[in-house]
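> Handing you this structure, nothing more for now.
The values are calculated or read from the model by the stated rules, or taken from the named source; none is laboratory data. Because the structure is a prediction, the values reported are computed rather than measured. Positions of Cβ are generated from backbone atoms using ideal geometry, with glycine treated the same way; all protein chains shown enter the neighbour counts. Just the protein is used for accessible areas: all its heavy atoms, side chains included, with ligands, DNA and RNA removed. Shrake-Rupley method; radii C 1.70, N 1.55, O 1.52, S 1.80 Å.
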Amino acid sequence: MSLRTSPSPASPRAGGPASVDYVESVSPGDGALPPRAWYAASNAPSLSLNGRWRLRVSATADAEDDAFAAQGYDAAHWPEVTVPGHWVLQGEGAFGSPVYTNHLYPFPVDPPRVPTENPTGDHLRVFDLPEGWPDVSEGGCVLRFDGVESCARVWLNGEDIGEFKGSRLPHEFAVGHLLRRSGNVLAVRVHQWSAGSYLEDQDQWWLPGIFRDVTLLHRPAGSVLDFFVHAAYDHVTGEGSLRVDSDVEGRVTVPDLDIDVATGQTVTAPVQPWTAETPTLYDGELVTEGERVPLRIGFRTVELADGLIKVNGRPILFKGVNRHEWHPETGRALDLETMREDVLLMKRHNVNSVRTSHYPPHPAFLDLCDEYGLWVIDECDLETHGFVEQDWRDNPVDDDRWTPALLDRAARMVERDKNHPSVVVWSLGNEAGTGRGLTAMAQWIRARDPARLVHYEGDVNCRDTDVYSRMYASHEEVERTGQGLDGGPLGRRRLPFILCEYAHAMGNGPGGLADYQRIFEAHDRLQGAFVWEWIDHGIRHPQLGYAYGGDFGEELHDGNFVCDGLVFPDRTPSPGLVEFKKVIEPVALDASDDGTVRVTNKQDFAGLSALAFTWAFQVDGETVGSGSLTVPPLAAGASAEVPLPEPPVDAPAGVETGWTVQAVLAEDTAWARAGHVVAWGQLALASPMLASPAQGAAPVVGERLVTLGPASFDVRTGELRTLGPVAVTGLRLDVWRATTDNDDGAPWQSDVRHGLLWRKLGLHRMRHRLDAVEVGDDALTVRTRVAPAGWEVGLSTAYRWTSDGDRVRLTVSVTPEGDWTVPLPRLGVRFGLSEADRVTWFGGGPGEAYPDSKAASALGRWQSTVDALQTPYVRPQENGARADVRWAELGGLRIEGDPAFWFTARRWTTEQLDAAAHRTDLVPGETVWVNLDHGQHGLGSQSCGPGPLPPYVLTASPAQFSFVFTPTG
Ligand code: IPT
């Protein structure tokens, strides 16, 4: 079988261009050493070659010959870039621009051929060996590249040492024989496009460059080659067993366990097992004749037993996220602190697992997962999604010519990462259809590492996998699968189920997390899920705030589909992450009005000793008493009823009271300080006090105004003008919201896409027809019909105003007319205030909430400013609502709701928000626009998944709701 495919037919030009056949070869490369275990440091010297490199970018792969690689080449006039880095994110556009596509290849699909226009970056770095670097004749030296996109050819001191593909995988070259004490010339030619690009069609920016570390490693005689740490845990005996297989014989020591054995020998000892909840690592060392390599050993056993994924004998529940590597300035070149920030944020938000979508991450990230405790599905650098457009014809994963490249990728992942206890599952890749190449990968992985499970979502019949995995399945399908009613082949029916992607966190959302979690927890077969995705891949941009697809003039792109994370590009948690944290709490605290709290330890392994419990008693949202709660030790899965104290005060009738209980960290941990809130629950005792009736005063008709208590209205239109000293503009019914990405839905969604239907119907251009202004004895009533041009549907709307002299009450009655076949985005009133800044409210907070994303909304008395109420989604859209608001004060007004309402306030109109494409399009105006909503439509997850569930659909039906306004000035 020949690995070579059609070489570039272009005939060499005079002068002899460098051969670039390798670029379009399906071969993984030539010259690299066999893959092996990765470790950060040993006692053997190493030299980081990160830093400033010279760069020359050419338009085609063969524009330049290899003269630059020779010693003595003068590159002083070349600009410099930072390695690790992507050249398109440096030089302010001088080196080209990023390109974003979801699944379409940004070049004609003709594998393995790539376009003639193939940006090629020649990188050059001259280096000396540091003082004390051993004599080059002693042992060898290895040059390691941890990640280069997408194809590189390497020369050292003028010698061509090889070429490689596999962007997010390490490649090492033996270079000892070429090194000199000083003046070493390292030349790396990087091509943006190669045959390998066909295997790397992940939904992300295309970003060429040497984006991970470059390191020179001294390899003393007798140093470590590859080694495999086998550390299992027997949950019956409590014993760990350890065997380190090493290509070079040596000894393994673990001082804390009194272990000192030869490599290849098995030893057992009583140990604390490793789990994501209890990440116990034992420091050890692998010592060969020439090297000492530090080991961090975690004892744990992964198995498929009783149809379940079990670790140390117990089933686990993934509460996970899909993590792409991202930094808004450096793209996929991440420093250690950024990686640590991801891990800390995940731990602080109760996340217990990561799928490394869709490639192995920087190896240091896995060290952090071992250390802090996260289950990892390590995914291979493989996606061929663009072939879906041709019904998967010519898909490389079903073409034997590509199989060596696939096996090379599988081996480079497994060999690199096999010593991490956090890695419990290998994933073959993402969205690559099906084919023999995938089967070959699975077989190779199973043979090499039978002690982990194999995942691949695209294998719907689970021929090659240990886990039935789906993405974006509806709640209903997940429930059916949990009940074992999903059908499918027999083999699959015996397997556990996960959602490797769900809850598309694009823009405002996802909705429906709590509903999924209830289903996962109700069925053993359902072993959890991974939110899509962790972070928005926005690129910091001076004019736009954050750039997304199309902002660099790409001819083919997928817009802001690249911004669909639980954290914003700068890693600020979005409301979606706060909601997720609440929904996946490791402890449930369910207070009941019999004066007890049911405490349930929802962890899979750990007890509650790390936590302390508190209670607080609130009157009208203000805490009036608090203390600690004694909770008995509860093993994982156990629960107990814990008595609450007597309420510390006797609350007067009509005042709302309630309990808040919390589980907080008892002591500082590696990932958060003592007192960090892990879980909480609330119980309302007395029901909310309804707004006072505010009636009795009579309207007085003047020349231009009608006055009613503190309010004045336009005599002709009935429009509200003032409330005491406060000028009010444009108070009227409002049903429009700036459609969210989840309202708009993905283009391929066959289901109803509400955002589109709303716009088609014209809910963003409702007309308000004035039918009557009626001045009665004790009320002013304004009758209107609110409807869009072109259609028969409308909302008959009456505003009825009454007053007790000090306050005014508005009762809005809405009756739908015509055949309403779509839900409403929102239903409430809006108005403008000329001056407002600080906001105080009693209701849900502190963050935004929507009907199906409201678990994290805690009842209390909250304060903010209008600006701080905004959630800065990268593509602006509806945001910022506070749920269950009893009353709010802003701009000289107190507003009470009957019933409680959704509160939103911003310095631009909904129409301006709707029209904005980037954060910087939003310019604050003079007026603060306030929305008081009786209803909001749910969020759902239709930007990729299902829409809102039926209970969260805001149907157009008769409604009546009231607000009482009191000028506070
Ligand atoms: C799914 C992809 O696996 C993921 O990479 C991402 O593109 C996500 O969609 C959307 O953001 S594939 C899709 C067809 C469900």
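> Report, by residue number, each residue of the range 626-665 that is of a type in the set (S, T, N, Q), within 30 Å of L317 (Cα to Cα) and open to solvent by less than 30 Å² (accessible area, probe 1.4 Å).
T660, the sole residue that qualifies.
> Now for a separate question. Give the range 473-506 a look and list any residue that's among the small types (G, A, S) and within 16 Å of the ligand (Cβ to nearest atom), or say none.
Across the range 473-506, the qualifying residues are A473, S474, A503, A505.
> Oh, and also: Residues in the range 196-212: is at least one open to solvent by 10 Å² or more (accessible area, probe 1.4 Å), more than 16 Å from the ligand (Cβ to nearest atom) and assigned to a loop (DSSP other than H, G, I, E, B)?
No, because not a single residue in the range 196-212 is open to solvent by 10 Å² or more (accessible area, probe 1.4 Å), more than 16 Å from the ligand (Cβ to nearest atom) and assigned to a loop (DSSP other than H, G, I, E, B).
> Now, a different point. Filter the strands (runs of 3 or more DSSP E) completely within the range 40-115 down to those with at least 3 residues that are surrounded by fewer than 19 Cβ atoms within 10 Å (Cβ to Cβ) and not assigned by TED's automatic domain parsing to the domain that holds R401.
Filter on the range 40-115 gives 46-48, 51-60.
> Going residue by residue through the range 874-897, is there one that turns out to be outside any loop (DSSP other than H, G, I, E, B) and surrounded by fewer than 20 Cβ atoms within 10 Å (Cβ to Cβ)?
yes
> I would also like to ask the following. May I ask you to list pairs of residues, at least six apart or on different chains, whose Cβ atoms are under 7 Å apart, with the first in the range 782-794 being open to solvent by less than 10 Å² (accessible area, probe 1.4 Å) and the second being assigned to a loop (DSSP other than H, G, I, E, B) and of a type in the set (K, R)?
Between residues of the range 782-794 that are open to solvent by less than 10 Å² (accessible area, probe 1.4 Å) and residues that are assigned to a loop (DSSP other than H, G, I, E, B) and of a type in the set (K, R), the close pairs are P788/R765.
> Using beta carbons and a limit of 9 Å, which pairs, at least six apart or on different chains, have the first residue in the range 14-27 and within 15 Å of R113 (Cβ to Cβ) and assigned to a loop (DSSP other than H, G, I, E, B) and the second one modelled with pLDDT of 95 or more and among the polar types (S, T, N, Q)?
Note: pairs meeting the criteria are V20/T60; V20/N118; V20/T120; S25/S194.
> Tell me which residues, restricted to the range 237-255, are under 38 Å from the mean Cα position of the chain (by Cα) and open to solvent by 40 Å² or more (accessible area, probe 1.4 Å). Full working, then the answer.
Just the residues of the range 237-255 that are under 38 Å from the mean Cα position of the chain (by Cα), to begin with: 238-246, 254.
Result: E239, R243, D245.
> Same structure again: In the range 243-337, which strands (runs of 3 or more DSSP E) lie fully inside it and hold 3 or more residues that are touching a residue at least 12 places away in the same chain (Cβ under 8 Å) and within 16 Å of the ligand (Cβ to nearest atom)?
318-322
> Another one. Would you mind stating whether P421 is touching a Gly at 6+ places or on another chain (Cβ under 6 Å), more than 16 Å from the ligand (Cβ to nearest atom), touching a residue at least 40 places away in the same chain (Cβ under 8 Å) and open to solvent by less than 10 Å² (accessible area, probe 1.4 Å)?
Taking the combined requirement at face value, the residue satisfies it.
> Of the numbered conditions (1) at pLDDT 95 or above; (2) in contact with a helix residue (DSSP H, G or I) (Cβ under 9 Å, 6 or more places away or on another chain), A746 fails exactly one; give the number of that condition.
That leaves (1) as the condition not met.
Condition check ((1) under 41 Å from the mean Cα position of the chain (by Cα); (2) more than 28 Å from Q517 (Cα to Cα); (3) in a strand (DSSP E or B)) across all residues:
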{"residue": "D777", "(1), (2), (3)": "no, yes, no"}
{"residue": "G805", "(1), (2), (3)": "no, yes, no"}
{"residue": "D819", "(1), (2), (3)": "yes, yes, no"}
{"residue": "L824", "(1), (2), (3)": "yes, no, no"}
{"residue": "G828", "(1), (2), (3)": "yes, yes, yes"}
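> Would you point out the residue of the range 908-925, among those that are under 19 Å from S834 (Cβ atoms) and surrounded by 20 or more Cβ atoms within 10 Å (Cβ to Cβ), that is farthest from the chain's Cα centre (by Cα)?
Out of the qualifying residues, it is W908.
> Suppose we filter T572, T600, T623 for residues that are within 30 Å of L939 (Cβ to Cβ), open to solvent by 50 Å² or more (accessible area, probe 1.4 Å) and either β-branched (V, I, T) or out of contact with any helix residue (DSSP H, G or I) (no Cβ under 9 Å at 6 or more places or on another chain) (or both); which single one remains? Full working, then the answer.
Working: T600 fails: open to solvent by 50 Å² or more (accessible area, probe 1.4 Å); T623 fails: within 30 Å of L939 (Cβ to Cβ).
Exactly one of T572, T600, T623 is within 30 Å of L939 (Cβ to Cβ), open to solvent by 50 Å² or more (accessible area, probe 1.4 Å) and either β-branched (V, I, T) or out of contact with any helix residue (DSSP H, G or I) (no Cβ under 9 Å at 6 or more places or on another chain) (or both), namely T572.
> Can I ask one more? Filter the range 725-760 for residues that are open to solvent by 10 Å² or more (accessible area, probe 1.4 Å), more than 16 Å from the ligand (Cβ to nearest atom), part of a loop (DSSP other than H, G, I, E, B) and touching a Gly at 6+ places or on another chain (Cβ under 6 Å) and give the result.
Of everything in the range 725-760, just one residue is open to solvent by 10 Å² or more (accessible area, probe 1.4 Å), more than 16 Å from the ligand (Cβ to nearest atom), part of a loop (DSSP other than H, G, I, E, B) and touching a Gly at 6+ places or on another chain (Cβ under 6 Å), namely P725.
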